[in-house]
Structures are given as structure tokens and as C-alpha cells.
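> I'd like to ask you about the structure that follows.
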Amino acid sequence: MTPRRWRRCLCALSALGLAAAGAVSAPLTSAAVPPAGALAWRLSSTAVGAFNAVACASSRFCLAVGWSTGTDYYVTYNGRGWSVARVAEQYEGEMESVSCPLDGWCAVITDLAAVTVFQGGHWSKLTTVDPNPGPPYPGIAAAISCSSARYCVAVDGQGNAETYDGTTWSGPRLVDPDYPLNAVSCAAAGKCTAVDGRGQVAVLSGASWSAPRPVDATAITGVSCAPASSCTAVDLLGRAIIGSGGRWSAPVAIDQAAASPLSVSCATEATCVAVDADGRETSLSSGHWIAPQVIDPAGGLVDVSCTPGPQVFCAAVDGSGDVLTSTDAAGADQLSGGG
């Protein structure tokens, strides 16, 4: 089971409650007033049954993927709002993770370790990068990260990593022989960090992976590396650790919600946002984590993605078909920032 499915399971009752109410074909929006120092967020409901992942290339382009009854759906964000849900593919695996290094270009991996590229509003044919991503069926391909349209790394439940060079995918390479790789983040080509279910990290430098080494006492559920080489990871106990120059900090509690695995995204080395399965968000700013705030009353947040700029822009998704975007103090979507 991937970290995103852990989070979905934790909010199963909330998801079922919204599903019983019926899906909507056009976004419904709401906004809440945040505590001082925290981001403000706007929530939109979609016709997607449950989201798995979201990625933003800039404040003017995001892609979120989810599923319902054997069909993968997607929605896009254009800086003003979210599109209606559209079908990406059917019955060929569940889209688990997405990475968008450029506006209009994204790579998505399914739980069957097949990758498809979204470009110019169209999806490429699925390409299998690992024929055996790991038990149990249908496999547990976990994550993908792209630093550009010419470089991506995917990781899976067998502890394997696969690399894309802009044309072809490499075969599976065993990075972690003992534990599944849960997440990966690439700050640049040949510069990636993967985390596993035992609290270990493995680092790709050039073409070589380091052996996994422990940095935490429990499973790490997410990692995000800023271009300046600092990485922030979060674990199953609601703690964060920061790595820089090969050294990792001791875990720091940032979210005390029980059994709420986190997803994290860092727009810069000093600015990160984490979300949890209880619908809460906490932000790292100027070296301090702001106390968690509820931004999704339904709970079940599964992923977050942030981009840098004069105002950091973020998008988050939950297991009930909702998307959230950060807003400025006036409640308008934050449009400042680059890709």
C-alpha cells in the first residue's frame, strides 16, 4: 500500500459520506480565514471520486489525478480555477503520483509502474517501467519526480528506481533491497533523494545511488528537495526532518494528529507546506513550523504541491474529490510566482 493509499484509508468514512451525496460536474468553492502567519486556502469540489496526487509547475498550471470505479480522471488549474474532470485512462492501473516540471508538461505513474506523459492537453501511451513493481497485486509503484521534461526518476515497492533521459526509461535498478521506496524528489538531473518504509534515505548523485541509511525511527511518507539542495522529509508520526550536505536533523514534531501520514512540498529551501489525513496543513517559514490548521473539513488530504515566487503558491488534494489552492489575504488565488 502506497503512502497516498494510507492517507485515503484513514479518511474512508469521510470519502464514503461525500460519495453518497453524489459527485458534481462543476467546481464548488469555499474559503476559510486562516490564523496569523498561515496560508489561506480555497476549496473546490470536483466530479473525481478520490484524488491521489497533485503537481504544480507554477501558479498558473497544476494537474491533479484521481480515480473512480476503474477510471482515472484529471483536472487542471490555469491560474483562475480548476477545469471539469476529464478521463485520462480506464482499467490500466491507478494513477498514483504526478510531477510537472513545466507548464503543460507532466509525467504520471500508475500503481502498475506504467508512466504516461501529459503534454499539450493530450496523454501519451502508457509505458511500463518495471514489470514487477511489487506485491500485493496490482503492485505498489509509489512515486515519480521530474526536474525537467528530459529527466525523471520513479520508485516502487520492490525498492527499485527507474530513470528517464528524455527519450527512454532505464530498467529497474535495485536501490533498497529490504524496504519499499515510498517517495522521491529530484532537485536536478542526477540529484535525487528517495525515502523508504523504515526511515531511511537513499541519494542519487549522478548515476549512482547511495546505500539506504537510517535518518528516522519510523516510516518516511514524503520528501521534497529544493533546488538549493536542502530536503525536507515527513514521517508517519507527524514529524519533519531536514537534510542538507549529507546531514539530517533529528525529527521535529510538526503535527500531533494520530496516525496521520504527511505529504510535504518545499517551494524554497526555507518554505515548505505539509498536509495530513485529518485535513490539516502546517507551513515552514523562516525556520519555524506554524501550528497546524484545518483547511479541509472533510479530512483526508493526500498530497500538496508548492511553487516559489514573491508569494508561495500551493495546491492540495484529498480523498473525497476536493482540490484546494492557496489564496492571498483578499481571498484571490495567488497568481504571483514563477515555475
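The values are calculated or read from the model by the stated rules, or taken from the named source; none is laboratory data. Values in this document were obtained by computation on a predicted structure and should not be read as measured data. Every residue, glycine as well, gets a Cβ built from its backbone with ideal geometry; the counts of neighbours run over all protein chains shown.
> Under the condition of being modelled with pLDDT of 95 or more and among the polar types (S, T, N, Q), which residue from the range 97-117 is surrounded by the fewest Cβ atoms within 10 Å (Cβ to Cβ)?
Out of the qualifying residues, it is 116.
> Identify all residues within the range 204-223 that are part of a strand (DSSP E or B) and either touching a residue at least 60 places away in the same chain (Cβ under 8 Å) or in contact with a Phe, Trp or Tyr (Cβ under 8 Å, 6 or more places away or on another chain) (or both); write none if there are none.
Matches in the range 204-223: 221, 222.
> Related question: Quick check: anything in the range 165-172 assigned to a strand (DSSP E or B) and closer than 27 Å to residue 242 by Cβ?
no
> Which of the residues spanning the range 146-163 are in a strand (DSSP E or B), closer than 20 Å to residue 56 by Cα and in contact (Cβ under 8 Å) with a residue 40 or more places away in the chain?
146, 147, 148, 152, 153, 154
> Exactly one condition in (1) among the small types (Gly, Ala, Ser); (2) modelled with pLDDT under 90; (3) under 16 Å from residue 220 (Cα atoms) is not met by residue 274; state its number.
That leaves (2) as the condition not met.
> Can you name the residue in the range 138-152 that is crowded, with 24+ Cβ neighbours inside 10 Å and farther than 11 Å from residue 115 by Cβ and is also farthest from the chain's Cα centre (by Cα) among such residues?
Ranking the qualifying residues of the range 138-152, first place goes to 139.
> What's the total number of residues in the range 153-174 that are surrounded by 20 or more Cβ atoms within 10 Å (Cβ to Cβ) and touching a Ser or Thr at 6+ places or on another chain (Cβ under 9 Å)?
8
> Also, I was wondering about something else. From 305, 249, grab the single residue that is without any contact (Cβ under 8 Å) to a residue 24 or more places away in the chain and within 15 Å of residue 232 (Cα to Cα).
Just a single option satisfies the conditions, and that option is 249.
> Sticking with this one: When you go through 184, 201 one by one, which is the residue that is under 23 Å from residue 57 (Cβ atoms), crowded, with 17+ Cβ neighbours inside 10 Å and in contact (Cβ under 8 Å) with a residue 12 or more places away in the chain?
Every option except 184 fails the conditions.
> Related question: Filter the range 68-106 down to residues that are out of contact with any Phe, Trp or Tyr (no Cβ under 9 Å at 6 or more places or on another chain), under 15 Å from residue 314 (Cα atoms) and part of a strand (DSSP E or B), then give me how many there are.
Number of matching residues: 2.
> Okay, next question. Starting from residues that are in contact with a helix residue (DSSP H, G or I) (Cβ under 9 Å, 6 or more places away or on another chain) and small (Gly, Ala, Ser), keep the ones in the range 218-275 and report whichever is surrounded by the most Cβ atoms within 10 Å (Cβ to Cβ).
The residue in question is 263.
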